[in-house]
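Structure first, then comments.
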Amino acid sequence: MTTVRREAFGRMPPEEGGGEVEKFILQSDSVRVEIVSFGCIITTLETKDRDGKFSDIVLGFDTLEGYTGQHPFFGTVVGRVANRIAKGKFSVDGKEYQLFINNGPNSLHGGAKGFDKVLWSAEVLPNGVRFFRLSPDGEEGYPGDLKVWVTYTLSGKELAINYQAQTSKTTPISLTNHSYFNLAGQGSRDVYDHEISIEADSYLPVDDTQIPTGEVASVQGTGFDLRQPVELGKHLQKFHLDGFDHNFCLHQGQDRRLVARVFHPPTGRTMEVHTTQPGIQFYTGNFLDASLKGKGGATYPKHSAFCLETQNWPDAVNKPQFPKALLHPGEEYNHTTWFVFSTA
């Protein structure tokens with residue numbers, strides 16, 4: 001049985017149009033998740049350790065003000081296009097579009113005011129919540145009126161996020177959730193003792209601005225071979241890696257498949273990621289620097305969390321050899337990602 005409650009979380013500042021931000025609390029026997037209508041943000045995600053004790057395993061803030069200020073996309077839904085688009089440029093039907101540049105020379109996670117920085121309307125479901133918004137033609141430079149639905153449902157140990165969209169003009173789209181996880185509990189110092197595996201035979205090498213070069217490289221014999229579980233801290237040392245911020249290329253197909261697994265031996269917490277998406281961005285919080293005060297006064301230093309962002313491949317709109325990035329009128333964008341929590 002999943003229970004769903006809604007309550008007030010705060011008001012948007014007047015210069016952002018005011019507006020009530022609501023919080024939705026989804027609870028089963030083994031998982032408790034809180035999601036707010038600003039940015040469809042997962043603000044709290046509590047799961048059990050092997051002794052049955054709940055801890056919050058996502059980074060974030062105690063108040064709305066934390067989320068409306070500058071932060072690295074804690075818990076947010078990002079769009080229209082997750083990840084980076086080279087130089088913020090792309091062409092559709094011979095017309096060039098220029099997006100806002102907000103990450104070195106590139107556009108990242110939808111631009112200056114992406115889906116993570118707006119208020120969504122919400123509808124309570126028996127076991128979850130569905131958010132909706134209309135992204136107007138020209139928003140952040142993207143073409144077409146885009147209707148978007150993001151649905152969170154909780155069933156036992158499984159949290160599902162479904163993304164649907166329809167457009168009036170051909171537009172690139174790639175939606176993901178940008179939660180930062182630490183299975184030891186948010187506020188823990190690092191994730192070096194986590195064991196991770198990713199079901200991917202290849203990954204995308206990037207240039208010095210984090211844009212894929214276009215090569216699809218085999219993980220075989222490299223530090224990117226995570227097909228068998230590795231202990232993260234030791235693995236980074238062994239391969240002299242500063243961390244990961246790379247897209248792993250998943251086995252193609254529209255069906256649900258297991259793509260990543262993380263295990264935290266001290267607590268027994270395990271998280272599996274299943275998805276229909278073609279890629280997963282593994283990011284180890286390389287740019288966290290302990291400057292933000294998070295939940296309960298915690299600070300978040302470098303490598304104190306990881307993200308597993310299921311999505312299309314970065315810059316796919318400019319790389320015809322990458323999976324299809326464009327949504328056409330009359331089509332539906334529809335992807336689901338499942339997070340399954342257990343203990344071992």
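Helical runs (DSSP H, four residues minimum) scored at -39500 (n - 2.57) apiece and divided by the length of the chain put the mean residue ellipticity at 222 nm at -1000 deg cm²/dmol. Think of a 1.4 Å ball rolled over the protein heavy atoms: the range 40-179 then has 36 Å² of accessible area per residue.
Within the range 213-289, the chymotrypsin sites (Phe, Trp or Tyr not before Pro) that combine a DSSP coil assignment with at most 11 other C-beta atoms in a 10 angstrom radius are 287. Less than 20 Å from a label point 7 Å out along the Cα-to-Cβ axis of residue 290: which backbone N atoms in the range 51-69 qualify, by residue? Zone members listed by number: 59-61. Gap in Å between the Cα centre of the range 145-191 and the Cα centre of the range 44-107? Comparing the Cα centres of the range 44-107 and the range 145-191, I get a distance of 9 Å. For the range 20-31, the Karplus equation 6.51 cos²θ - 1.76 cosθ + 1.60, evaluated at θ = phi - 60°, returns couplings of 7, 9, 9, 10, 10, 10, 9, 9, 10, 5, 10, 9 Hz by residue, with Gly and Pro reported as x.
A DSSP coil position with no more than 16 other Cβ atoms inside 10 Å describes the following GluC sites (Glu not before Pro) in the range 183-231: 199, 215. Between 80, 32, 189, the GNM of the chain built on Cα springs shorter than 10 angstrom shows 189 fluctuating the most. Over the chain, what percent of the accessible surface lies on carbon and sulfur atoms, probe 1.4 Å? Answer for the chain: carbon and sulfur cover 50 percent of the accessible area. This structure gives semi-axes √(5λ) of the Cα gyration tensor in Å, computed directly, and of (i) 45, 23, 21; (ii) 28, 26, 19; (iii) 40, 30, 19 that value is listed as (ii).
Beyond a 29 Å Cα-Cα separation, which of these cross-linked pairs lie in this structure: 295/324; 23/324; 95/324; 147/295; 23/147; 113/295? Where the Cα-Cα span goes over 29 Å, the pairs concerned are 295/324; 23/324; 147/295.
Sparsely packed loop sites in the range 255-344 (the GluC sites (Glu not before Pro) outside DSSP H, G, I, E and B with at most 14 other Cβ atoms within 10 Å) comprise 331, 332. Pairwise Cα separations in the range 189-256 fall into 5 Å bins from 0 onward with the following percentages, short to long: 3, 15, 24, 25, 18, 10, 4, 0.
In this simple spin-label approximation, residue 113 and residue 222 carry label points 7 Å from Cα along the Cα→Cβ vector, and these lie 3.9 nm apart.
With each label modelled as a point 7 angstrom along the Cα→C-beta vector, the residue 51-residue 137 pair spans 6.0 nm. In this rough spin-label picture, where each label sits 7 Å from Cα along the Cβ direction, the residue 70-residue 242 distance is 1.9 nm. Taking a sphere under 13 Å around the Cβ of residue 157 and counting the other residues whose Cβ falls inside, with K and R at +1 and D and E at -1, yields a net charge of -1.
The values are calculated or read from the model by the stated rules, or taken from the named source; none is laboratory data. What you see is a predicted model; the values in this text were computed from it and never measured. With ideal geometry, Cβ positions are generated from the backbone for all residues, glycine too; neighbour counts draw on all protein chains shown. Ligands, DNA and RNA are excluded from the accessible area calculation, which covers all protein heavy atoms including side chains. Shrake-Rupley method; radii C 1.70, N 1.55, O 1.52, S 1.80 Å.
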